[in-house]
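The values are calculated or read from the model by the stated rules, or taken from the named source; none is laboratory data. Everything numeric here is computed off the predicted structure, so don't read it as measured data. Positions of Cβ are backbone-derived with ideal geometry, glycine not excepted, and every protein chain shown enters the neighbour counts.
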There are 4 protein chains.
Amino acid sequence: MKSDKTPVIVVNLKTYLQGTGEKAVTIAKACRDVAERYNVGIAVAPQFCDIYRVASQVDVPVYSQHIDGIGAGSHTGQILAQCVKDAGAVGTLINHSERRLTLADIDYSVKAANEAGLYTIVCTNNVETSASAASLGPDYVAIEPPELIGTGVPVSSADPQVVKGSVDAVKNINSDVKVLCGAGISKGEDLKAALDLGSAGVLLASGIVKAEDPEKALEHLVSQI
Amino acid sequence: MKSDKTPVIVVNLKTYLQGTGEKAVTIAKACRDVAERYNVGIAVAPQFCDIYRVASQVDVPVYSQHIDGIGAGSHTGQILAQCVKDAGAVGTLINHSERRLTLADIDYSVKAANEAGLYTIVCTNNVETSASAASLGPDYVAIEPPELIGTGVPVSSADPQVVKGSVDAVKNINSDVKVLCGAGISKGEDLKAALDLGSAGVLLASGIVKAEDPEKALEHLVSQI
Amino acid sequence: MKSDKTPVIVVNLKTYLQGTGEKAVTIAKACRDVAERYNVGIAVAPQFCDIYRVASQVDVPVYSQHIDGIGAGSHTGQILAQCVKDAGAVGTLINHSERRLTLADIDYSVKAANEAGLYTIVCTNNVETSASAASLGPDYVAIEPPELIGTGVPVSSADPQVVKGSVDAVKNINSDVKVLCGAGISKGEDLKAALDLGSAGVLLASGIVKAEDPEKALEHLVSQI
Amino acid sequence: MKSDKTPVIVVNLKTYLQGTGEKAVTIAKACRDVAERYNVGIAVAPQFCDIYRVASQVDVPVYSQHIDGIGAGSHTGQILAQCVKDAGAVGTLINHSERRLTLADIDYSVKAANEAGLYTIVCTNNVETSASAASLGPDYVAIEPPELIGTGVPVSSADPQVVKGSVDAVKNINSDVKVLCGAGISKGEDLKAALDLGSAGVLLASGIVKAEDPEKALEHLVSQI
């Protein structure tokens, strides 16, 4: 989704067993249900092998976790934008801190996604790289200080300046690009703080996927906005 | 498949548009039909996003093109053996020349595949690396001289010694490991030559996937054995 | 050098045997002599192992071909900015198309070079990535369309728009950053065209290093400005 | 050195500031002095930029920390075996856990080192990969369980089986290949234990390089054999 709805919430299933196979479908249904109930935008980013399974069964925006900077051809084991799209995805993360790309490949991937009709979220790690990414014209830049990922310490309170700085820097380069923020986000107050800092939403993972009850965790997340 | 049927033929769809999405399903059906008609083993290796779609619709052994040397956890954009298995694959290529891995990751990937119950085909590029791979205990070693991949010049006639040498070296290290050969193979006489050199089958791609009629190309391939 | 002298010419010795070991010293002397004679700025970028040998024997600005995005510590086989500096280099290439880095590592490398007191030339491949690189605040952005590298077809005539576009885009982001251009440059008219397009100089390699007489080739290069 | 002297001790300076520039020369002199005094073989592996500086000033066997799987040519920022040799090195580490290579590149690097006249130490992480590496015919395999590197917990006591198992597996594949062991080694009793397990020596780093007095640390290391 490049959703008209704000906030935008993207739930990254990583390679968590709690989000693999049929469990990806279950979490996707929770995303869909909470999104409808609270009228917010929630997308899910399952593993590649689960994109078709999720997208063909659940009416929810599906993102790929990555695409490669390649076109059709002799690229065994790589991720073709068109294949991701055919499987039912509407967008893709690019350059997640756990799957970083060269600058040339980020640029190529954004263009390949555009051609295939996929929305793009380019992940970055500080204000400077957020500004850099904005020059490549993605739909979103998602700023995630790597040292906070998976800690439960929300970037919006631990380092608000990196979010605010990214929002300003990105707007300065290309005002069409929106900013998401990630790392440590799991609760309603984190999301609210993120939005107050000028971001359009959040990218999160373990806080929801590993929660005892992911649907309740999502409800708590969106309940304060 | 670690098939009792010989030869073993693995059709790698790479990121060819001719083998993406519904076209992967079509080629998979051709593999299944020819395998039944000629009583040979034919597997198909589609892109990750197509594994579930193919495996849930076609009764054919499906291989992944790659898995990563990682377990469940925070590995966004990477390929978890268990997810590949859940999607319906029975095996995986590892270390294809277009997606090479470090030695440590090949070892880890073979073990992860074993744990998930996936057969393993480790790709190599010469006799020395074939011997190396055999020490890691995969089901198959697939020797593919990179300079011949995609050329249409079959390794079985252009460089029979690399096939014969790999068969001997692998047997010497671990006689449970079988050898496939790849690169430039597309015709019946190439397959026959590969088997005569002691391999258990072939790994091929463009010769079938880009053929005007993939099913006919497969029939021609298996017609001389 | 971040030279007051214009143009800036950087001769990349790559891993050419013609520029390895004592031959690196010979080419460095040619650079020094031509620079003095014509009052232009010429730097040389030898292999890592040759930096100390060249810098301790020849009074010429020496650039490293690469540094890694790491600090002091457990990084066997990687390139520490401080070590490059201690060996006598005054600057470094970063993200050359033959040694691309992730966006995060380009950012880290620029900062590590700054801390060590090294000038930075970040290589890019098109207008978009040139703009991206400018946000990271290097001394120079060197635009080199990869498809022209090593061809002898000069970017300044084959694709003047990529040079002009990079100059404009970079200036727009950060007017302190200068633009070099590379790929296919070897002759005096190529350098002149590059300067006319607004670049501050050129990055070149085979046209000089593999010339029968590198000193003469350098003289011809600078003779028309 | 592929030394006739046993044990073989290789001191890896990594990118420690305590082993950078002139400090690399100082540690190299300590290695030389202790080697002479105790009649053992001690080599030093400085950063690339320090190889020439060390080798031209100190009569000690110098190893590179890495070489790339490339030949002469357009390989900016990569490590050419011939350049390492010209700078004065006598050997090279390959595939250190902090600079892992693909299987194909390990093979290529061993061959490139052989052609350039460099001894080779291929680093591995368990018994299986030690066996794998032996098939490539290096002079040494250095087994270093990554989880012990830098811990000060010596592999020879924490996991003697991985050393013993590697010695047996390597001998079984190619009896010309000797085994070193690394990870956590710093004291005399660790070295003694390593030799008792059948290894020909040790690869170590922080225990010596970061010692208050590296020469004394080396003396203690060799004093018990």
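Applying the condition of being part of a strand (DSSP E or B) and either surrounded by fewer than 24 Cβ atoms within 10 Å (Cβ to Cβ) or of a type in the set (A, V, I, L, M, F, W, C) (or both) to region D:75-109 and asking which residue is nearest to the other protein chains (Cβ to nearest Cβ) yields D:Thr102.
Out of curiosity, is A:Val10 more than 8 Å from chain B (Cβ to nearest Cβ) and either surrounded by 24 or more Cβ atoms within 10 Å (Cβ to Cβ) or of a type outside the set (Gly, Ala, Ser) (or both)? Yes; evaluated as a whole, the condition is true for this residue. Out of the residues in region D:140-161 meeting the condition of being within 8 Å of D:Ala183 (Cα to Cα) and β-branched (Val, Ile, Thr), tell me which one is surrounded by the fewest Cβ atoms within 10 Å (Cβ to Cβ). Top of the filtered list is D:Thr151. Every listed requirement among (1) within 30 Å of C:Ala24 (Cα to Cα); (2) within 18 Å of the chain's Cα centre (by Cα) is met by C:Glu212 save one, (2). Only a single item in (1) more than 7 Å from chain B (Cβ to nearest Cβ); (2) among the β-branched types (Val, Ile, Thr); (3) in contact with a strand residue (DSSP E or B) (Cβ under 6 Å, 6 or more places away or on another chain) is not met by A:Val25, and it is number (3).
Given the conditions (1) at pLDDT below 95; (2) over 22 Å from B:Asn12 (Cα atoms), which single one is not true for B:Pro146? Result: B:Pro146 passes all but (2).
Against the condition assigned to a loop (DSSP other than H, G, I, E, B), touching a helix residue (DSSP H, G or I) at 6+ places or on another chain (Cβ under 7 Å) and among the hydrophobic types (A, V, I, L, M, F, W, C), how does A:Ala112 come out, does it pass? No.
Would you confirm, using the coordinates I've provided, whether D:Ala193 is under 21 Å from D:Asp33 (Cβ atoms) and in contact (Cβ under 8 Å) with a residue 12 or more places away in the chain?
So D:Ala193 does not fit the description; no.
Here the condition is being surrounded by fewer than 20 Cβ atoms within 10 Å (Cβ to Cβ), at pLDDT 95 or above and farther than 30 Å from A:Glu22 by Cα; of A:Gly137, A:Gly117, A:Gly198, it holds for A:Gly137 alone. Within region B:154-166, the presence of a residue that is closer than 24 Å to D:Val122 by Cβ, in contact with a strand residue (DSSP E or B) (Cβ under 6 Å, 6 or more places away or on another chain) and within 14 Å of chain A (Cβ to nearest Cβ) is excluded.
Screening region B:34-74 for residues that are more than 10 Å from chain A (Cβ to nearest Cβ) and in a strand (DSSP E or B) and picking the one that is farthest from B:Lys23 (Cα to Cα) gives B:Gly41. Criterion applied to B:Leu80, B:Leu136 was being free of Cβ contacts under 8 Å to residues at least 60 places away in the same chain, over 25 Å from A:Ile79 (Cα atoms) and not acidic (Asp, Glu), and the one residue passing it is B:Leu136. Looking for something assigned to a strand (DSSP E or B) and either within 15 Å of the chain's Cα centre (by Cα) or of a type outside the set (A, V, I, L, M, F, W, C) (or both) - is there at least one such residue anywhere in region D:143-154? Among the residues of region D:143-154, at least one is assigned to a strand (DSSP E or B) and either within 15 Å of the chain's Cα centre (by Cα) or of a type outside the set (A, V, I, L, M, F, W, C) (or both), which makes the answer yes. Looking across region B:168-200, just one residue is of a type in the set (Lys, Arg) and within 14 Å of chain D (Cβ to nearest Cβ), and that is B:Lys171.
Which of the residues that make up region D:165-182 are part of a helix (DSSP H, G or I) and surrounded by 18 or more Cβ atoms within 10 Å (Cβ to Cβ)?
Matches in region D:165-182: D:Gly165, D:Ser166, D:Val167, D:Ala169, D:Val170, D:Ile173.
The listed residues are D:Gly207, D:Gly188, and the only one of them that is in contact (Cβ under 8 Å) with a residue 12 or more places away in the chain and farther than 16 Å from D:Tyr38 by Cβ turns out to be D:Gly207. The requirement of being under 18 Å from the mean Cα position of the chain (by Cα) and more than 14 Å from B:Leu103 (Cα to Cα) is fulfilled nowhere in region D:95-109; no residue meets it.
Residues checked against (1) small (Gly, Ala, Ser); (2) within 24 Å of B:Val84 (Cβ to Cβ):
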{"site": "B:Val141", "(1), (2)": "no, yes"}
{"site": "B:Ser156", "(1), (2)": "yes, no"}
{"site": "B:Ile185", "(1), (2)": "no, no"}
{"site": "B:Ala194", "(1), (2)": "yes, no"}
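For A:Val209, the stated conditions do not hold, so it cannot be described as closer than 23 Å to C:Val141 by Cβ and buried (at least 18 other Cβ atoms within 10 Å of the Cβ). Screening A:Pro61 with (1) under 16 Å from the mean Cα position of the chain (by Cα); (2) closer than 30 Å to C:Asn126 by Cα gives one miss only, at (2).
Of all residues in region D:110-125, those being away from chain C (no Cβ under 11 Å) and either among the polar types (S, T, N, Q) or in contact with a His (Cβ under 6 Å, 6 or more places away or on another chain) (or both) number 4. Among the conditions (1) surrounded by fewer than 24 Cβ atoms within 10 Å (Cβ to Cβ); (2) touching a helix residue (DSSP H, G or I) at 6+ places or on another chain (Cβ under 8 Å), the only one that D:Lys29 does not satisfy is (2). Do we have A:Asp176 as closer than 25 Å to B:Ser74 by Cα and charged (D, E, K, R) here? No; evaluated as a whole, the condition is false for this residue.
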